[in-house]
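What follows is a single structure, written as structure tokens, with notes after it.
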Amino acid sequence: LRDSNVVFYFGLKAAIQRGVLVEFDYIPWKYTPSPEEYEERQRVRRLWKKKIADGEARPGDDAIQAARVFKKSPTKRVVFQSILTEMDENQRNQIFERSLLFVADLDFGRKLGRIISGYDIPYHEYFNEDDPKNLELFRDSSFLESLITCHMISEGIDIRSVTNIFLFSSERQRLETVQRIGRALRKDPSKPNKRAKVFDFVNLESLDEDKPITADWERYNWLNDLQNTKVLDEWKK
């Protein structure tokens, strides 16, 4: 709530403490980009720096485009498949129960879908709003458990049965991550004891005193701390 004199902020932590949102577990899945991916990120950064210098792009576009290299990292899919292979059928069914998988683009999503289909997980894709039937199928939890999607579903979607969130791609801006994990933190009247899970791919590069902290480190520290938030006794029913 905002007027000329007052600003009121009600964040995730306060919402969990007051029981407006459910508690959650944060499960970071660590991956390391390949040497080729590091080289590609540097190449992309140099390319866009030149475009900026030539007036063909805006300042900051070099960082945005370079970040997309890791957002689409094939290594994430390798790690993902390795984790699924180590799980038994019951464990896999649990993590995919009412799940949203956020990816960088359609190509990554299609390749991810081929991995999931190998484990007989009922899933579909939702990448454009002109095909709403897939979203409607997902609303019907008796038919479709998982949905692979991108940022456009982050806003305006209220499916309270969503329990698990997979972050294959994340923005540095915290607001978008809040919107994404918020899909799973909504209370579900049919599950009074609901507890959400957030699975996050993080590249925890070694920190250098001369370099700023990476976006993955920022998100890892923030969500790792936030998962310890509990409903306060005075707000328990």
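The values are calculated or read from the model by the stated rules, or taken from the named source; none is laboratory data. Keep in mind that this is a model prediction, so the values were computed, not measured. Please note: Cβ atoms are built from the backbone with ideal geometry, for glycine as well, and neighbour counts cover all protein chains shown. Heavy atoms of the whole protein, side chains included, go into the accessibility calculation; ligands, DNA and RNA do not. Shrake-Rupley method; radii C 1.70, N 1.55, O 1.52, S 1.80 Å.
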query: Which value, in debye to the nearest 20, gives the size of the charge dipole of the chain about its Cα centre, when Lys and Arg are +1 and Asp and Glu are -1 at the Cβ?
result: 380
task: Find the accessible area per residue for segment 45-144; the probe is 1.4 Å, ligands and nucleic acids are left out, and the unit is Å².
output: 58
field: For the chain, with +1 on Lys and Arg beta carbons and -1 on Asp and Glu, the positive-most of Ser170, Pro122, Ile159 along the dipole
entry: Ile159
message: Could you compute how much accessible surface Ile64 exposes when probed at 1.4 Å, giving the result in Å² to the nearest 10?
response: 100
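Longer than 22 Å from Cα to Cα, which of Lys76/Lys133; Lys49/Lys71; Lys133/Lys191; Lys71/Lys111; Lys194/Lys236; Lys13/Lys194 are they? Say none if no pair is.
Result: Lys76/Lys133; Lys133/Lys191 exceed 22 Å.
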- line: Highest GNM mean-square fluctuation among Thr177, Thr85, Thr32, for the chain with Cα springs under 10 Å, belongs to Thr85
query: Any idea what the dipole of segment 40-178 comes to, in debye rounded to 20, about its Cα centre with Lys/Arg Cβ at +1 and Asp/Glu Cβ at -1?
result: 960
Accessible heavy-atom area order of Leu47, Leu12, Leu185, highest first, probe of 1.4 Å: Leu47, Leu12, Leu185
query: With springs only between Cα atoms under 10 Å, which of Leu175, Leu21, Leu223 fluctuates most in a Gaussian network model of the chain?
result: Leu175
- prompt: Within segment 73-108, what residues put their amide N at less than 14 Å from the label point 7 Å along the Cα-to-Cβ vector of Ser34?
  reply: 73-79
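How high is the relative contact order of segment 6-114? Use alpha-carbon pairs under 8 Å, at least six apart in sequence, and give a whole percent.
Computed over segment 6-114, the figure is 22 percent.
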task: Taking the dipole about the Cα centre of the chain, with the C-beta of Lys and Arg at +1 and of Asp and Glu at -1, give me whichever of Val103, Ala15, Gln81 is farthest to the positive side.
output: Ala15
Surface share of carbon and sulfur [accessible, 1.4 angstrom probe, percent] for the chain: 49
Value of relative contact order over the chain, rounded to a whole percent, pairs C-alpha under 8 Å and six or more apart: 29
task: Once you have the Kirkwood Rh of the chain from its Cα pairs, apply Stokes-Einstein at 37 °C and 0.692 mPa s and quote D in µm²/s.
output: 169
message: In whole Hz and in residue order, list the ³J(HN,Hα) couplings for segment 100-105 that follow from phi through the Karplus curve 6.51 cos²θ - 1.76 cosθ + 1.60, θ = phi - 60°; x for Gly and Pro.
response: 10, 10, 8, 10, 6, 7
query: So if we plug the beta-carbon distance of Ile52 and Ile115 into 1/(1 + (r/R0)^6) with R0 = 45 Å, what FRET efficiency do we get, rounded to 0.05?
result: 0.75
Candidate residues Lys30, Lys71: accessible-area rank, largest first, probe 1.4 Å: Lys30, Lys71
³J(HN,Hα), Karplus 6.51/-1.76/1.60, whole Hz, each residue of segment 21-34, x for Gly, Pro: 10, 8, 6, 8, 9, 9, 10, x, 9, 7, 9, 10, x, 6
field: Point-to-point label distance, Asp61-Leu106, nm (Cα→Cβ direction, 7 Å offset)
entry: 2.3
message: Given Cβ point charges of +1 (Lys, Arg) and -1 (Asp, Glu) and nothing else, what value in debye, to the nearest 20, does the dipole of segment 7-57 about its Cα centre take?
response: 260
query: Counting only the heavy atoms of the protein chains, how much of Thr214 is accessible to a 1.4 Å probe, in Å² to the nearest 10?
result: 30
